[in-house]
Amino acid sequence: MTELSISYGVVLYELGLPADAIGTAERILKEVPEVDSILQNPTIDRKVKHSIIQRVFPDEIHNYLKQMCDYEHMSHALEAFEAFHDYEDQQKGRLEATLYYVTKPQEEQEVRMRRFLCEKYGCKDVSLSMVELPDLIGGFILKVGSSEYDWSIRGRMQHLKTKMIRR
């Protein structure tokens, strides 16, 4: 994610626009690639882009999108929405994590994982996505952003293999 996208995401959060307007705009750009393509095209007149924004997007987000078009930054729009969600989670003390497992953890184990993540990352709440992954052989992998906590048998075997090769 670029610094420009992150900046646009933070600005979007700071504007305090309604969540449904932001969600609708994001959905339109993802689901109607023609609109995204037109708004990114530098050969299309700014007034035409503004007109499309006025007709297609919620009123609350018009000025934000027009500004992005005026500076030819629409290619960063989807990343800006992603940055917005990340920044919103950060501001509200929420953390997104993914648990890859072979056997679904018991409720008590899940509670301990959430507690571990809250303490480690200083957050109030953890949104934990669960993904079954039989290739792990056993154990689990807990992933938060670019950090990965690998307690899987597959990971342990790879680690052991690496250590043996080095000797």
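For this structure, a couple of remarks:
- Comparing Glu14, Glu108, Glu26 in a Gaussian network model of the chain (Cα springs below 10 Å), the most mobile by mean-square fluctuation is Glu108.
- Taking every C-alpha pair closer than 8 Å and separated by at least 6 residues, the mean separation divided by the residue count of the chain gives a relative contact order of 21 percent.
- Counting charges near Ser146 (Lys, Arg +1; Asp, Glu -1) among other residues having Cβ under 15 Å from its Cβ returns a value of -3.
- Here the 3J(HN,Hα) profile of segment 15-30, calculated from phi with Karplus coefficients 6.51, -1.76 and 1.60 at θ = phi - 60°, is 5, x, 6, x, 4, 5, 5, 5, x, 5, 4, 4, 4, 4, 5, 6 Hz, Gly and Pro shown as x.
- Structure note, pairs Lys92/Lys143; Lys49/Lys92; Lys30/Lys120; Lys30/Lys92; Lys124/Lys161: Cα-Cα distances above 28 angstrom occur for Lys49/Lys92; Lys30/Lys120; Lys124/Lys161.
- Viscosity 0.890 mPa s, temperature 25 °C, Stokes-Einstein D of the chain from Kirkwood C-alpha radius, µm²/s: 131 µm²/s
- Of Met157, Met113, Met74, the one that fluctuates the most in a GNM where the chain has Cα springs shorter than 10 Å: Met157
- Considering helices alone, the calculated mean residue ellipticity of the chain at 222 nm is -18500 deg cm²/dmol, with DSSP H runs of length four and up weighted by -39500 (n - 2.57) and normalised per residue.
Quick note: the coordinates plus some simple rules give every number you see, no bench work behind them. Please read these numbers as outputs of a predicted model, since none were measured by experiment. Counting neighbours? That spans all protein chains shown, and the Cβs are built from the backbone with ideal geometry, glycine included.
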